[in-house]
Amino acid sequence: MLQSAGFVQIRIAPKDESTAFMQDWAPGRPVTDPVVSATIEAVKPLA
C-alpha cells in the first residue's frame, strides 16, 4: 500500500518485545501469533 501511494525506501521492523507484552497482557491465551508491533518508515519523494 505504501508503494502504491508513491513511497520509497520502505522499512518495516517488527519489535521483538510485542510477544512478551502480549503474553503479560493475556496470560494463558494464544494471542501472540496475530499481534505484532512494528516501526514503519518510508520516504515520499517530492513531486
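The values are calculated or read from the model by the stated rules, or taken from the named source; none is laboratory data. In this text, all values refer to a predicted model and were calculated from it rather than measured experimentally. With ideal geometry, Cβ positions are generated from the backbone for all residues, glycine too; neighbour counts draw on all protein chains shown.
Observations
- Residue match in the stretch 12-26 (condition: of a type outside the set (K, R), out of contact with any Pro (no Cβ under 7 Å at 6 or more places or on another chain), part of a loop (DSSP other than H, G, I, E, B) and modelled with pLDDT of 95 or more): no
- Candidates P34, P45, P30: the one that is of a type outside the set (A, V, I, L, M), assigned to a loop (DSSP other than H, G, I, E, B), surrounded by fewer than 12 Cβ atoms within 10 Å (Cβ to Cβ) and modelled with pLDDT of 70 or more is P45.
- Tabulated pairs, the stretch 32-47, first farther than 14 Å from K15 by Cα and of a type outside the set (S, T, Y), second part of a strand (DSSP E or B) and modelled with pLDDT of 85 or more, C-beta under 8 angstrom, 6+ apart or interchain: A42/V8; A42/Q9; A42/I10; A42/R11; V43/V8; V43/Q9; K44/V8; P45/V8
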